[in-house]
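S.K.: Mind having a look at this structure? Questions to follow.
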Amino acid sequence: MKKLSKTVCIVILVCLPAIAILYAKATAEPVVLVEALIVQVGSEASQTLGMDVFEPGAEVTIPVAELLWLLADANSAKLIASAKLKVPAGETAKVGTGEKVKFLIKKDDGSLEQKTTDTPIGTTLEATPVIDKDGDILLDFKFEHFSAAPAKEIDPQTSLPIGPPIISIQSERSRLKLKSGESMIAGGWTNVAAQRFVLVRATILE
């Protein structure tokens with residue numbers, strides 16, 4: 001067997017890393033951008049838009065003129081929370097925003113002690129996308145929004161509320177099937193004054 005020349009060996013050594021990189025790119029799972037929003041729409045506005053009743057996964061068709069009217073009125077709709085993350089297909093990723101809130105409690109001797117909430121006040125999004133044989137995205141996700149209403153009594157020295165805040169949580173966990181770039185209503189909550197919709201979009205990145 002003939003020995004390889006020094007030049008051929010150098011060429012092979014130089015090319016091997018490049019071949020490995022190309023192979024890794026070819027076999028790597030595509031990355032999916034997952035975005036989630038909580039949008040609040042006033043009851044009057046939602047009825048005008050034909051959204052007084054909704055079902056998760058249902059398509060909502062809104063006339064352009066009505067949509068422009070909604071966007072022009074700041075009191076009709078507002079963004080409550082949003083989050084997004086990038087995750088390779090088949091893997092799970094989680095992102096969170098927010099921080100723990102400080103407050104004061106009164107001790108038995110009348111002094112004040114500073115505490116913080118156990119839960120960060122903000123938004124978390126956890127998602128696991130899988131791409132099926134047709135190129136559709138099967139998305140398992142959990143979207144949570146924590147908000148805190150502070151106590152009415154405020155300490156004048158620290159400007160911190162006295163007493164623990166009232167923490168509320170809105171959470172949606174679903175499994176959806178979406179085409180790349182498609183948005184879908186994943187759930188929501190209704191009260192007398194307004195409706196809140198969870199909107200989810202997943203996009204396969206090139």
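The values are calculated or read from the model by the stated rules, or taken from the named source; none is laboratory data. These numbers come from a predicted model, not from an experiment. We place every Cβ from the backbone using ideal geometry, glycine too, and count neighbours over all the protein chains shown. Areas reflect the complete protein model, heavy atoms only, side chains present, ligands, DNA and RNA absent. Shrake-Rupley method; radii C 1.70, N 1.55, O 1.52, S 1.80 Å.
S.K.: In percent, how large is the relative contact order of region 123-206, given Cα pairs closer than 8 Å and 6 or more residues apart?
M.R.: Relative contact order comes out at 24 percent.
S.K.: Only sites in a loop by DSSP and with at most 16 other Cβ atoms within 10 Å count here; which GluC sites (Glu not before Pro) in region 60-148 make the cut?
M.R.: Answer by residue number: E91.
S.K.: Could you state the accessible area per residue of region 105-163 in Å², with a 1.4 Å probe and every protein chain left in place?
M.R.: 58
S.K.: Right, something else. Grab the Cα-Cα distance for D118 and D155, subtract it from 0.36 nm times how many residues apart they are, and report the gain in nm with one decimal.
M.R.: 11.2 nm
S.K.: I need the calculated FRET efficiency for the pair E66 and K102, taking r as the beta carbon distance and R₀ as 35 Å, to the nearest 0.05.
M.R.: 0.20
S.K.: On the accessible surface of region 70-206, probed at 1.4 Å, how many percent belong to carbon and sulfur atoms?
M.R.: Of the solvent-accessible surface of region 70-206, carbon and sulfur hold 50 percent.
S.K.: How far apart, in nanometres, would the label points at I162 and E91 be if each is projected 7 angstrom from Cα along the Cα-to-Cβ direction?
M.R.: Those two pseudo-labels are separated by 5.1 nm.
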